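See structure below.
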Amino acid sequence: MFLEALGSVILGLAVAWLAMYRLPHRLPARRLVLSTGAAGGLFGAFLTHSALGGNLLLVLTGAVAVATASVSLLLRPAGRLRRHSATV
């Protein structure tokens, strides 16, 4: 159980670091992104372990999936948003 938790936090940090490396202009502060990745990985491991049991590969896959989804919620739009008036 401890190795599942440690592995999921490390994988969550890896997902967050990869997102920061690839999309630095679209993400908020580094500390927020890294902590979101770690928390998402830990929550994903807990959720997968509770639902599917203790298979390590499944638990780590669930951790990566939830960490990726959590970090993706922090993304901002790439360009400026154009607002058009309803009368034009």
key: Conditions (1) outside any loop (DSSP other than H, G, I, E, B); (2) in contact with a helix residue (DSSP H, G or I) (Cβ under 7 Å, 6 or more places away or on another chain); number of the one not met by Arg76   = (1)
key: Single residue of Leu34, Leu11 found to be in contact with a helix residue (DSSP H, G or I) (Cβ under 6 Å, 6 or more places away or on another chain) and free of Cβ contacts under 8 Å to residues at least 40 places away in the same chain   = Leu34
ask   = So how many residues does the stretch 14-31 have that are open to solvent by less than 50 Å² (accessible area, probe 1.4 Å), in contact (Cβ under 8 Å) with a residue 24 or more places away in the chain and part of a helix (DSSP H, G or I)?
value = 3
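The values are calculated or read from the model by the stated rules, or taken from the named source; none is laboratory data. What you are looking at is a predicted structure, and each value in this text was computed from that prediction instead of being measured. Don't worry about glycine lacking a Cβ; one is built from the backbone with ideal geometry, like all the others, and counts go over all protein chains shown. In case anyone asks, the SASA skips ligands and DNA or RNA and just uses the protein heavy atoms, side chains included. Shrake-Rupley method; radii C 1.70, N 1.55, O 1.52, S 1.80 Å.
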